[in-house]
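J.: After the structure tokens below, expect a handful of questions from me.
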């Protein structure tokens, strides 16, 4: 590994430099079991499973409104902070992931938080 690359410590996956993820922007990171959607929601970095709990379709192209994301396929809405499904046709929550920022680098946990 070259000295310019910082490897994630433990079970953390590198997302981007903080300056590369402006408000309203998002990145999809390949996790060990599923893709993870990382979003800058009004200056707060949040991460969820990039999969709607309704039909397992990707959320990354969905409309953002603060800490809410709307599935682009069937309009189910989810809270990015809690993963809670807020509208039909989704009734099950989606996974949420911890974020850490070190040396202006954003990392996401490789496994979702347990409730």
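J.: With the crude spin-label approximation of a point 7 Å out along Cα→Cβ, what separation in nm comes out for residue 42 versus residue 104?
T.: Calculated label separation equals 2.7 nm.
J.: Can you give me the three principal axis dimensions of the chain from its C-alpha atoms, in Å, biggest first?
T.: Its Cα atoms span 48, 26, 22 Å along the three principal axes.
J.: What relative contact order, as a whole-number percentage, does region 12-109 give when Cα pairs under 8 Å and 6 or more residues apart are counted?
T.: 27 percent
J.: Something else about it: Largest first, please: the extent of the C-alpha atoms of region 61-115 along each principal axis, to the nearest Å.
T.: 39, 24, 16
J.: Can you order the peptides 80-90, 48-58, 95-105 by their average number of other Cβ atoms within 10 Å per residue, highest first?
T.: Numbers: 80-90: 16.5, 48-58: 18.8, 95-105: 14.8.
Final packing ranking: 48-58, 80-90, 95-105.
No value in this document is a laboratory result; all are computed from the given coordinates. Remember, predicted model here, so these are calculated numbers, not experimental data. Note that we place each Cβ from the backbone using ideal geometry, even for glycine, and neighbour counts take in every protein chain shown.
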